[in-house]
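Taken together, the values in this text are just the output of simple stated rules run on the coordinates, not laboratory data. Because the structure is predicted, anything quoted here is derived from the model rather than measured. Every residue, glycine as well, gets a Cβ built from its backbone with ideal geometry; the counts of neighbours run over all protein chains shown.
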Amino acid sequence: MEDRIREQWEINAESFTDLIAGNGTPHHRHILNPCVEELLGDVKGKKLLDAGCGEGYLARYYAKKGAFVTAIDLSEHLIETSKQLTEKENLAITFEVGSICHLDSIPNDVFDIILANLVLLNIPCLDDSFKELYRVLRKGGYLVFSIVHPAFNFYGPGSWEMGEKDPDTGRREGVYFKVDKYFEEKEFQRYWTTRRGDKFPSAISFFHRTLATYLNSLISAGFNLITFREPQPIADDPFFEREKRIPFFAVFKAEKR
Ligand SMILES: C[S@@+](CC[C@H](N)C(=O)[O-])C[C@H]1O[C@@H](n2cnc3c(N)ncnc32)[C@H](O)[C@@H]1O
C-alpha cells in the first residue's frame, strides 16, 4: 500500500510543486495557514518536524521564523525539490525521505512541535502515524495537524451542487453541499489540476474517516486535544463564497502531557 501511495506522489511531484507555487494555494493562504500559524505559536528556537512536507514551503516559512526544522516526506522527488528550494533561500533544514507511519530513524522525545499539514487524510495508517508522532514529540510538545474537513469532504462522500458561474470570481456558485455515506470509511481517488488547469498525471488517494475516528485515534495514541478549529476565510473575498458557508478545513492542536 505504501509503495502505491509513494508512486502517486513521485509521479505527481512536479504538478504538485507547480500547484503550491512556493507559498500555497489561495485556500491555503487565505483560510488554512493563518490558523495553523496561530496554533503553532512562536516557533523561534524550537525543534519542529514538518511531517509530510511536500515541496516544503511551510518548512521554509517556519525555518525563516527561527525554528530548527526537520522535514520528512514519502516522496524522494518532493524531498529533492524541497532541498533545492531551501538552498535557493540559504536556509538550513534537515531533510529525510521517510514515512510517518514508521519514523524508524528518529529517536523518542526529539521535537518541540510537529506539524502535519494536509497529510493524515492521504495516509492509510492513521493509528500508527499518531503513535509515531507521539513517540518522537517531547513531553509538553505540541502536534498541530490539519485535514480537509471530514464532514464536508468533497474528496470523499460529499460534493457541492453547483449553480451558475460567477463572472467576477470565475467560480461556480454553490447551491448546497450534499453529504451521504459519511460513516463509510474508505479510500477515494481524485485527480488534481495544476494552476494552468492541466490534470495531474496520477490520481491521489484520500482516506475518508469520520471526525470520531480522527479524535479517538489521536486520544488512543496518548495525546490531549487542546484546540479544534474550523477556519473561515480571513478576508471578505467573493471568491470564497462557498467556503464562508461551510468549513473547508479542520485543524487540531494536541499536547503530549
Ligand atoms: C497534500 S500533500 C501536503 C504537503 C505539505 N504538508 C503541504 O502542506 O503542502 C501530502 C504529502 O504527504 C506526503 N505523504 C504521503 N504519505 C506519506 C507518508 N506515509 N509519510 C510521509 N509523507 C507522506 C506526500 O508525499 C505529500 O507530499
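On inspection, Leu115 fails the criterion of being more than 30 Å from Ile246 (Cα to Cα) and crowded, with 21+ Cβ neighbours inside 10 Å. Residues considered: Glu2, Glu14. Of these, the only one that is under 21 Å from His77 (Cβ atoms) and near the ligand (Cβ under 8 Å from one of its atoms) is Glu2. Scanning the range 83-103 for residues that are surrounded by 19 or more Cβ atoms within 10 Å (Cβ to Cβ), of a type in the set (Val, Ile, Thr) and more than 10 Å from the ligand (Cβ to nearest atom) gives Thr86, Ile93. Any idea which of (1) in contact (Cβ under 8 Å) with a residue 60 or more places away in the chain; (2) more than 16 Å from Tyr155 (Cβ to Cβ); (3) surrounded by fewer than 18 Cβ atoms within 10 Å (Cβ to Cβ) is the one Lys244 doesn't satisfy? In the conditions (1) in contact (Cβ under 8 Å) with a residue 60 or more places away in the chain; (2) more than 16 Å from Tyr155 (Cβ to Cβ); (3) surrounded by fewer than 18 Cβ atoms within 10 Å (Cβ to Cβ), Lys244 misses (1) alone. Taken over the range 1-40, the residue count meeting the criterion of being touching a residue at least 12 places away in the same chain (Cβ under 8 Å) and not in a helix (DSSP H, G or I) is 5. What about Cys53, is it touching a helix residue (DSSP H, G or I) at 6+ places or on another chain (Cβ under 7 Å) and either more than 15 Å from the ligand (Cβ to nearest atom) or within 30 Å of Glu184 (Cα to Cα) (or both)? In short, yes. Candidates Ile113, Ile106: the one that is more than 9 Å from the ligand (Cβ to nearest atom), assigned to a loop (DSSP other than H, G, I, E, B), among the aliphatic types (A, V, I, L, M) and touching a strand residue (DSSP E or B) at 6+ places or on another chain (Cβ under 9 Å) is Ile106. Determine if the range 65-82 includes at least one residue that is more than 12 Å from the ligand (Cβ to nearest atom), under 14 Å from the mean Cα position of the chain (by Cα) and free of Cβ contacts under 8 Å to residues at least 40 places away in the same chain. No, that holds for no residue. So if I check each of Glu230, Glu241, which one is of a type in the set (Asp, Glu), under 28 Å from Phe16 (Cα atoms) and more than 17 Å from the chain's Cα centre (by Cα)? Selected residue: Glu241, the only one of Glu230, Glu241 that is of a type in the set (Asp, Glu), under 28 Å from Phe16 (Cα atoms) and more than 17 Å from the chain's Cα centre (by Cα). For the range 224-239, the count of residues that are over 30 Å from Ser129 (Cα atoms), among the acidic types (Asp, Glu) and away from the ligand (no atom under 16 Å from the Cβ) is at least one.
Taken over the range 121-153, the criterion of being assigned to a helix (DSSP H, G or I), among the small types (Gly, Ala, Ser) and surrounded by fewer than 21 Cβ atoms within 10 Å (Cβ to Cβ) is satisfied by Ala151 alone.
The set of residues from the range 174-184 being surrounded by 13 or more Cβ atoms within 10 Å (Cβ to Cβ) and more than 26 Å from the chain's Cα centre (by Cα) is empty.
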